[in-house]
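Trainee: Here it is, the structure, as structure tokens.
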Amino acid sequence: MAGGVVEKPAAHDKPRKHYLNHVKTFGSWLVTLDHKRIAMMYLCAVSFALLLGGVFALALRTVLWNGTPADPETSILGATMEQFYNKMFTLHGAVMVFLFIIPGIPAALGNFILPMQLGAKDLALPRINLLSWYLYVMGLVLFVCVLVLGGLDTGWTLYPPYSMGGGSQSQHVWHSLVLAYMAVFILGFSSILTGLNFIVTMHKLRPPGMGMYDMPLFLWALYATSLIQVLATPVVGITLGLSLIEHMFHVGIFLPQYGGDPVMYQHFFWFYSHPAVYIMILPAMGVQSEIMGTFSRKHIFGYKAIAWSSIAIAAIGFIVWGHHMFVSGQSPTAGIIFSFLTYLVAIPSAIKVFNWVATMYKGSIDLKTPMIYGLNFIYLFGIGGLTGLFLASISNNVHLHDTYFVIAHFHMVMVGSTVNAFLGGVHLWWPKMTGRMYNETLGRIGAILVFVGFNLAFMPQFVSGTRGMPRRYANYLEEFTTFHQASTVGAYILGAGIGLQVLYLLYSLFKGKKAPDNPWGAASLEWQSESPPDFHNFTKPPIMMGAYDYENWEYESEEAGWKLKPEVIETRKTLSKVH
Amino acid sequence: MTEAAHAHHDHHHEGLPGTIGHVTPLKTLFKVLTALLVLTVITVAVAQFDFGRLNVVGAVGIACVKASIVSLWFMHLRYDKRFNFFILVGSFALVAWMIGYILFDTVLYQHNIQEYKRDQQAPAKP
Amino acid sequence: MSTGVADHETKHDLPARPPELAMHFDNMHQQFHSGKLGMWLFLGQELLFFCGLFTAYAVYRGNHQEMFHYVHYFLDWKLGAVNTVVLLVSSLTAAWSVRAAMLEQRKVLIFTLLATFICAGIFMVVKYFEYTHKLHIGAVWGGGFNVADADLPAELVAKYPDMTGAKLKEMGAGSFFAIYFCMTGLHGLHVLVGMGLYIWLLVRALKGDFNRRWYGAVDNVALYWHIVDIIWIFLFPMLYLIG
Ligand code: HEM
Ligand SMILES: [Cu+2]
């Protein structure tokens with residue numbers, strides 16, 4: 001042991017007390033106010049949602065293997081092939097959007113990491129945090145009820161009049177729609193409370209001596225996300241509340257046959273749901289910034305540009321919603337304005353990408369599992385963002401709207417970017433959260449499988465989309481067969497990649513090597529805690545330093561981890577002494 | 001202005017030592033209520049006359065003034081952290097943007113709906 | 001249990017950690033302002049929640065000018081004005097209760113909390129009579145709007161003698177009442193929640209829970225109550241007054 005700097009207490013005698021084992025009863029988890037435990041429960045739940053949504057995805061891709069069922073009488077679970085397909089894509093979309101991707105990074109990873117990156121003991125409002133978790137659970141349970149009651153075939157957007165039984169072929173049952181409205185309404189409030197809590201925490205628990213510009217970029221990203229969560233989500237709440245009333249009492253707000261206006265529903269819905277796509281991508285961009293810095297071993301390039309572009313994306317997110325309505329009956333004037341405004345989003349998005357690339361330039365790149373996800377992200381987000389611009393041009397959109405091109409676009413950004421960043425983040429923080437290392441080789445194989453499978457699944461869809469393959473159809477013309485079959489194979493490879501991760505991550509919990517406190521040499525404050533952290537997060541006050549000052553750390557092969565250099569410990573102030 | 005500054009001066013004698021925040025003098029509270037009641041009377045009075053479209057503008061305008069008074073004094077934003085003020089103003093701005101833009105669009109596409117309705121009612125053409 | 005906590009304490013020269021101070025805060029100021037910021041964000045959220053209804057109102061009004069003019073006679077502006085006054089007074093008592101909590105005037109606090117609760121109750125009673133009347137004459141939402149000519153408001157008939165219930169229905173009066181019931185209903189729901197919160201505060205005040213550095217609950221509920229008031233300040237002229 002060098003220098004006798006940070007002598008760990010004799011680790012062998014008694015297991016160290018940390019947040020996972022300081023109390024062990026099941027009940028202590030149910031009423032816990034500890035952000036780390038709530039985060040872990042969220043992590044389990046959103047992973048469950050990811051797997052559930054993934055099963056639906058594989059089911060619908062399987063249906064699409066053939067353009068028309070060989071035997072038109074084929075039935076699955078008492079429904080025709082087409083009905084089954086319609087339910088699958090609806091449930092896939094709804095579960096992935098509302099249960100996985102929106103809460104995913106903020107509520108699971110952010111909840112755990114945010115207070116620690118501030119050097120704080122908890123979120124500012126722990127009880128609100130617990131409430132938010134239970135609202136999420138209620139939403140999850142309601143969704144499962146929707147499933148059991150026969151599912152929905154409305155698409156995740158729940159557009160009236162079709163959704164409310166206005167369409168002649170609507171096969172959904174009345175009450176599963178009621179439950180779906182309630183579920184999304186409740187999940188919305190869960191999301192609002194998380195965002196609210198994060199903003200308060202970043203304002204009030206940021207320690208003296210840490211300015212906004214000293215925060216890691218993950219926190220800037222979460223801040224921007226939280227602003228959207230608080231300000232946009234209530235609109236979907238009221239929209240679905242009104243839809244529920246409309247559906248039950250036919251009051252005449254959205255249904256045309258009673259004097260309502262269905263286009264207004266789309267305005268309302270996208271006023272939330274466009275900003276919501278930034279709820280999905282912004283935290284992912286935050287994770288990406290952390291990964292790029294850490295595994296290039298180089299101070300992040302363009303800190304302020306990345307920080308403010310998060311805020312810019314959040315702000316612009318509120319003025320572009322009409323690009324989803326170019327062919328929905330929106331007036332051409334409004335459409336042209338929205339088309340123009342939509343282009344603006346590209347600017348801050350591109351600023352981020354350039355800065356990540358510049359961060360890697362002349363860095364010493366370490367291709368650990370999270371970094372592979374980071375590289376996937378840059379490549380796939382580039383394509384996803386640029387195809388967004390194709391769609392933003394109104395004349396193009398008339399042709400591409402509701403084709404596979406749109407499907408490919410948003411999967412590039414939602415799966416290619418957000419899911420990649422989620423997985424990257426899980427791998428980055430797994431040692432911190434669980435105290436165990438996963439198998440690095442399997443990790444890399446998983447990341448590469450995800451990349452290959454994903455590209456195979458969605459690249460062909462750009463082509464079939466431009467050739468006119470419409471979305472949400474169970475049948476297709478023969479000329480599209482190759483594209484669809486390639487997608488299906490890709491989806492299974494992607495599924496295999498994720499399945500592999502589930503296996504080795506679970507395995508690591510029991511048999512994994514003990515994680516060092518800082519396995520990557522990352523510099524933000526959470527890495528100064530122990531792995532897994534103490535109940536109070538830090539057993540000794542962390543040393544204040546820049547979140548990207550990697551030069552303060554040196555590798556120690558004995559521990560297989562990184563230690564603060566002794567001179568840093570001697571010369572720098574700790575968090576409690578900076579006043 | 002001097003009035004307000006005076007009020008601000010006053011309270012310092014009123015709060016107990018160690019109080020968090022600003023104690024609003026009772027006099028201020030009652031003045032605010034009076035102002036709100038007067039504005040309510042004005043709203044009702046104005047609405048008795050027909051100024052066409054201006055009626056809406058007037059009613060919403062007065063309501064905005066009343067809302068500002070409530071938030072500045074009753075909700076003591078005047079003495080509160082600046083950021084809380086921004087939240088309120090920001091939310092109102094967003095509300096105005098949403099109402100404004102959706103109204104703008106729905107008015108523009110209204111003729112489509114009317115045409116559709118007319119077509120539906122017209123006897124089927126041969 | 002943890003050296004971290006002790007370490008944090010020493011840096012402030014507060015005498016000791018007050019019992020109300022949660023583990024993760026440094027001092028009462030930080031705790032108070034965290035709660036308050038959270039409340040303000042919640043209020044911002046409330047405004048956008050109501051925003052959908054206001055937008056629906058604006059859209060339907062913009063496209064049914066005439067109908068809105070006829071139908072607004074169904075609402076009795078006098079009742080609306082009474083309710084406005086009641087809510088304004090309750091806003092005063094709410095603000096007063098914060099003051100009382102800060103000054104540790106326990107009796108005044110209890111009195112003002114109770115007064116706020118009672119005003120809210122009066123508001124709901126008036127609403128109840130308004131609602132039942134409308135339901136009774138069939139002035140309701142959507143296709144359900146069916147008002148007999150004899151039940152048309154006197155003022156409306158005086159001005160437009162040949163107006164009939166059927167004509168109003170044809171013009172889309174159902175849309176107006178859809179919006180009317182949604183807006184006032186959601187607002188009323190907020191009033192009910194507010195009443196619940198004031199009961200909760202009353203119980204705590206009776207137990208002597210609040211002091212000059214620990215009155216965040218009174219303050220935050222009052223903030224909530226003021227927003228409910230502000231929303232009514234807009235609803236009253238928009239629904240009852242301008243035709
Ligand atoms: C880089 C800037 C982006 C631009 C310019 C852009 C533009 C667009 C446009 C114009 C559409 C409408 C296509 C149509 O339906 O005709 C669209 C759809 C979509 N975008 Fe993007 N987008 C961008 C980034 C993102 C991001 C980051 C996400 C999510 C993480 C996202 C998620 C979606 C989704 C989910 C849809 C389809 C929704 C549906 O109809 O089901 N987009 N995008
Ligand atoms: Cu969009």
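Trainee: Just to be sure I understand the filter: pairs with C-beta atoms under 8 Å, separated by 6 or more residues or on different chains, first member in region A:270-286 and without any contact (Cβ under 8 Å) to a residue 24 or more places away in the chain, second member within 10 Å of ligand 1 (Cβ to nearest atom) and assigned to a helix (DSSP H, G or I). Which pairs pass?
Mentor: Here the result reads none, with nothing in region A:270-286 linked to a residue that is within 10 Å of ligand 1 (Cβ to nearest atom) and assigned to a helix (DSSP H, G or I).
Trainee: OK, next. Pick from A:Ala314, A:Ala334, A:Ala346: which is farther than 16 Å from A:Pro283 by Cα, within 14 Å of chain B (Cβ to nearest Cβ), touching a Leu at 6+ places or on another chain (Cβ under 8 Å) and within 15 Å of ligand 1 (Cβ to nearest atom)?
Mentor: Working: A:Ala314 fails: farther than 16 Å from A:Pro283 by Cα; A:Ala346 fails: within 14 Å of chain B (Cβ to nearest Cβ).
On inspection, the qualifying residue turns out to be A:Ala334.
Trainee: Ok, one more. Among the residues that make up region A:365-383, is at least one of them within 16 Å of ligand 2 (Cβ to nearest atom) and touching a helix residue (DSSP H, G or I) at 6+ places or on another chain (Cβ under 8 Å)?
Mentor: Here is the first cut: in region A:365-383, the residues within 16 Å of ligand 2 (Cβ to nearest atom) are A:381.
Restricting the remaining residues to those that are touching a helix residue (DSSP H, G or I) at 6+ places or on another chain (Cβ under 8 Å) gives A:381.
Scanning region A:365-383 turns up at least one residue that is within 16 Å of ligand 2 (Cβ to nearest atom) and touching a helix residue (DSSP H, G or I) at 6+ places or on another chain (Cβ under 8 Å).
Trainee: Tell me, please, whether a residue that is out of contact with any Lys or Arg (no Cβ under 7 Å at 6 or more places or on another chain), more than 14 Å from chain C (Cβ to nearest Cβ), of a type outside the set (Lys, Arg) and assigned to a loop (DSSP other than H, G, I, E, B) can be found in region A:559-576.
Mentor: Filtering region A:559-576 for residues out of contact with any Lys or Arg (no Cβ under 7 Å at 6 or more places or on another chain) gives A:559-575.
Then drop every residue that is not more than 14 Å from chain C (Cβ to nearest Cβ), which leaves A:559-572.
Now narrow it down to the ones that are of a type outside the set (Lys, Arg): A:559-562, A:564, A:566-571.
Adding the requirement that they be assigned to a loop (DSSP other than H, G, I, E, B) leaves A:559-560.
Yes, because at least one residue in region A:559-576 is out of contact with any Lys or Arg (no Cβ under 7 Å at 6 or more places or on another chain), more than 14 Å from chain C (Cβ to nearest Cβ), of a type outside the set (Lys, Arg) and assigned to a loop (DSSP other than H, G, I, E, B).
Trainee: Kindly evaluate B:Tyr79 against the criterion of being surrounded by 13 or more Cβ atoms within 10 Å (Cβ to Cβ) and facing another protein chain (nearest Cβ under 9 Å). It would help to see each step written out before you state the result.
Mentor: On the way: surrounded by 13 or more Cβ atoms within 10 Å (Cβ to Cβ): yes; facing another protein chain (nearest Cβ under 9 Å): no.
It is false that B:Tyr79 is surrounded by 13 or more Cβ atoms within 10 Å (Cβ to Cβ) and facing another protein chain (nearest Cβ under 9 Å).
Trainee: Filter region C:176-208 down to residues that are in contact with an Asp or Glu (Cβ under 9 Å, 6 or more places away or on another chain) and not aliphatic (A, V, I, L, M) and give me whichever is surrounded by the fewest Cβ atoms within 10 Å (Cβ to Cβ).
Mentor: C:His190
Trainee: Taking helices (runs of 4 or more DSSP H) that do not extend beyond region A:9-114, which have at least 2 residues that are surrounded by fewer than 16 Cβ atoms within 10 Å (Cβ to Cβ)? Give the steps one after another, and end with the answer.
Mentor: On the way: elements: A:26-30, A:35-63, A:81-94.
Of the helices (runs of 4 or more DSSP H) lying wholly inside region A:9-114, those with at least 2 residues that are surrounded by fewer than 16 Cβ atoms within 10 Å (Cβ to Cβ) span A:26-30, A:35-63.
Trainee: Restricting to region A:308-341, count the residues that are free of Cβ contacts under 8 Å to residues at least 40 places away in the same chain, within 15 Å of ligand 2 (Cβ to nearest atom) and aliphatic (A, V, I, L, M).
Mentor: 6
Trainee: Also, I was wondering about something else. Might you check whether a residue that is within 11 Å of ligand 1 (Cβ to nearest atom) and hydrophobic (A, V, I, L, M, F, W, C) occurs anywhere in region A:354-372?
Mentor: The initial filter retains those residues of region A:354-372 that are within 11 Å of ligand 1 (Cβ to nearest atom), namely none.
No, the conditions are met nowhere in region A:354-372.
Trainee: Please specify each residue of region A:302-334 satisfying the condition of being farther than 14 Å from A:Val345 by Cβ and outside any helix (DSSP H, G or I). First the steps, then the outcome.
Mentor: Keep residues of region A:302-334 that are farther than 14 Å from A:Val345 by Cβ, which gives A:302-308, A:325-334.
Of everything in region A:302-334, those that are farther than 14 Å from A:Val345 by Cβ and outside any helix (DSSP H, G or I) turn out to be A:Gly302, A:Met325, A:Phe326, A:Val327, A:Ser328, A:Gly329, A:Gln330, A:Ser331.
Trainee: Based on what the data block shows, is A:Met292 away from ligand 1 (no atom under 15 Å from the Cβ), more than 14 Å from chain B (Cβ to nearest Cβ) and not acidic (Asp, Glu)? So that I can check it myself, show each step before the final result.
Mentor: On the way: away from ligand 1 (no atom under 15 Å from the Cβ): yes; more than 14 Å from chain B (Cβ to nearest Cβ): yes; not acidic (Asp, Glu): yes.
Judged against the criteria, A:Met292 is a match.
Trainee: Out of (1) more than 16 Å from ligand 1 (Cβ to nearest atom); (2) crowded, with 20+ Cβ neighbours inside 10 Å, the odd one out for A:Met437 is which?
Mentor: So A:Met437 meets the others, but not (2).
Trainee: Which of the residues that make up region A:217-247 are among the hydroxyl-bearing types (Ser, Thr, Tyr) and at the interface with another protein chain (Cβ under 10 Å from one of its Cβ atoms)?
Mentor: Narrowing region A:217-247 to residues among the hydroxyl-bearing types (Ser, Thr, Tyr): A:223, A:225-226, A:233, A:239, A:243.
Correct list: A:Ser226, A:Thr233, A:Thr239.
Trainee: So A:Lys298 ticks every box in (1) within 16 Å of ligand 2 (Cβ to nearest atom); (2) more than 14 Å from every other protein chain (Cβ to nearest Cβ) but one. Which box is left unticked?
Mentor: If we test A:Lys298 against (1) within 16 Å of ligand 2 (Cβ to nearest atom); (2) more than 14 Å from every other protein chain (Cβ to nearest Cβ), just (1) comes out false.
Trainee: List the helices (runs of 4 or more DSSP H) inside region C:1-110, counting only whole elements, that have at least 2 residues being at pLDDT 95 or above.
Mentor: Details: elements: C:3-10, C:28-63, C:65-71, C:77-102.
The helices (runs of 4 or more DSSP H) meeting that bar are C:28-63, C:77-102.
Trainee: Just give me the residues in region C:167-181 being over 17 Å from C:Phe50 (Cα atoms) and in contact (Cβ under 8 Å) with a residue 60 or more places away in the chain, in sequence order.
Mentor: Kept after step one, since they are over 17 Å from C:Phe50 (Cα atoms), are these residues of region C:167-181: C:167-175.
Once the filter is applied, which keeps residues that are over 17 Å from C:Phe50 (Cα atoms) and in contact (Cβ under 8 Å) with a residue 60 or more places away in the chain, region C:167-181 yields C:Leu168, C:Met171, C:Gly172, C:Ala173, C:Ser175.
Trainee: Something else: Would you confirm whether any residue within region A:205-217 is within 16 Å of ligand 1 (Cβ to nearest atom) and either touching a residue at least 60 places away in the same chain (Cβ under 8 Å) or among the charged types (D, E, K, R) (or both)?
Mentor: No - not one qualifying residue is present in region A:205-217.
Trainee: Same structure, new question: Restricting to region B:59-76, give me the number of residues that are among the small types (Gly, Ala, Ser) and buried (at least 17 other Cβ atoms within 10 Å of the Cβ). Talk me through it step by step, then tell me what you get.
Mentor: Residues of region B:59-76 among the small types (Gly, Ala, Ser): B:59, B:61, B:63, B:67-68, B:71.
Right, trim to buried (at least 17 other Cβ atoms within 10 Å of the Cβ) and you get B:59, B:63, B:67, B:71.
Total meeting the criteria: 4.
Trainee: So, C:Met195, is that one away from every other protein chain (no Cβ under 13 Å) and not in a helix (DSSP H, G or I) or not? Give the derivation first.
Mentor: Values: away from every other protein chain (no Cβ under 13 Å): yes; not in a helix (DSSP H, G or I): no.
Taking the combined requirement at face value, the residue does not satisfy it.
Trainee: Answer yes or no as to whether A:Leu179 is without any contact (Cβ under 8 Å) to a residue 60 or more places away in the chain, assigned to a helix (DSSP H, G or I) and away from ligand 1 (no atom under 16 Å from the Cβ). Steps first, please.
Mentor: Working: without any contact (Cβ under 8 Å) to a residue 60 or more places away in the chain: yes; assigned to a helix (DSSP H, G or I): yes; away from ligand 1 (no atom under 16 Å from the Cβ): yes.
Yes; evaluated as a whole, the condition is true for this residue.
Trainee: Also, I was wondering about something else. Check region A:441-454 and report whether any residue there is surrounded by fewer than 24 Cβ atoms within 10 Å (Cβ to Cβ) and either more than 30 Å from A:Leu509 (Cα to Cα) or small (Gly, Ala, Ser) (or both). So that I can check it myself, show each step before the final result.
Mentor: Start the filter on region A:441-454 by keeping residues that are surrounded by fewer than 24 Cβ atoms within 10 Å (Cβ to Cβ), which leaves A:441-442, A:444-445, A:448-449, A:451-454.
Okay, now just the ones that are also either more than 30 Å from A:Leu509 (Cα to Cα) or small (Gly, Ala, Ser) (or both), so A:453.
Looking through region A:441-454, at least one residue is surrounded by fewer than 24 Cβ atoms within 10 Å (Cβ to Cβ) and either more than 30 Å from A:Leu509 (Cα to Cα) or small (Gly, Ala, Ser) (or both).
Trainee: Determine whether A:Met210 is touching a Lys or Arg at 6+ places or on another chain (Cβ under 9 Å) and away from every other protein chain (no Cβ under 12 Å). If you could, list the steps in order and put the result at the bottom.
Mentor: Values: touching a Lys or Arg at 6+ places or on another chain (Cβ under 9 Å): no; away from every other protein chain (no Cβ under 12 Å): yes.
The answer is no for A:Met210.
Trainee: In this structure, is B:Leu37 more than 9 Å from chain C (Cβ to nearest Cβ), part of a helix (DSSP H, G or I) and at pLDDT 95 or above?
Mentor: So B:Leu37 does not fit the description; no.
Trainee: Can you find, within region A:248-263, the residue that is surrounded by the most Cβ atoms within 10 Å (Cβ to Cβ) among those that are at pLDDT 90 or above and more than 8 Å from chain C (Cβ to nearest Cβ)?
Mentor: First, the residues of region A:248-263 that are at pLDDT 90 or above: A:253-254, A:261-263.
Restricting the remaining residues to those that are more than 8 Å from chain C (Cβ to nearest Cβ) gives A:254, A:262-263.
Working: A:Phe254: 28, A:Pro262: 19, A:Val263: 22.
Ranking the qualifying residues of region A:248-263, first place goes to A:Phe254.
Trainee: Test C:Leu47 against the criterion of being facing chain A (nearest Cβ under 9 Å), within 17 Å of the chain's Cα centre (by Cα) and surrounded by fewer than 24 Cβ atoms within 10 Å (Cβ to Cβ), and give yes or no.
Mentor: On the way: facing chain A (nearest Cβ under 9 Å): yes; within 17 Å of the chain's Cα centre (by Cα): yes; surrounded by fewer than 24 Cβ atoms within 10 Å (Cβ to Cβ): yes.
The answer is yes for C:Leu47.
Trainee: Can you tell me which residue within region A:384-417, out of those that are out of contact with any Phe, Trp or Tyr (no Cβ under 9 Å at 6 or more places or on another chain) and in a helix (DSSP H, G or I), is farthest from ligand 2 (Cβ to nearest atom)? Steps first, answer last, please.
Mentor: Applying the first criterion (out of contact with any Phe, Trp or Tyr (no Cβ under 9 Å at 6 or more places or on another chain)) to region A:384-417 yields A:385-386, A:395, A:402-403, A:406, A:410, A:414.
Filter once more, so that each one left must be in a helix (DSSP H, G or I): A:385-386, A:395, A:406, A:410, A:414.
Working: A:Gly385: 12, A:Leu386: 15, A:Ser395: 18, A:Val406: 10, A:Phe410: 8, A:Met414: 11 Å.
Here the answer is A:Ser395.
Trainee: Read through the list (1) within 16 Å of ligand 2 (Cβ to nearest atom); (2) over 24 Å from A:Ala107 (Cβ atoms); (3) of a type in the set (Gly, Ala, Ser), then give the number of the only condition that A:Ala305 fails.
Mentor: (1)
Trainee: Being farther than 24 Å from C:Gly35 by Cβ and touching a Lys or Arg at 6+ places or on another chain (Cβ under 8 Å) is the filter here, so list the residues in region B:20-34 that pass it.
Mentor: B:Leu26, the sole residue that qualifies.
Trainee: From the list A:Val173, A:Val141, A:Val137, A:Val184, exactly one residue is more than 16 Å from ligand 2 (Cβ to nearest atom), aliphatic (A, V, I, L, M) and at pLDDT below 95. Which is it? Walk me through it before giving the result.
Mentor: Values: A:Val141 fails: at pLDDT below 95; A:Val137 fails: at pLDDT below 95; A:Val184 fails: at pLDDT below 95.
Answer to the selection: A:Val173.
Trainee: Taking the stated definitions as given, is B:Val44 at the interface with chain C (Cβ under 7 Å from one of its Cβ atoms) and within 24 Å of C:Trp225 (Cβ to Cβ)?
Mentor: Details: at the interface with chain C (Cβ under 7 Å from one of its Cβ atoms): yes; within 24 Å of C:Trp225 (Cβ to Cβ): yes.
When the stated conditions are applied, B:Val44 passes them.
The values are calculated or read from the model by the stated rules, or taken from the named source; none is laboratory data. All values derive from a computational prediction rather than experimental measurement. So basically every Cβ, Gly included, is an ideal-geometry build from the backbone, and we count neighbours across all protein chains shown.
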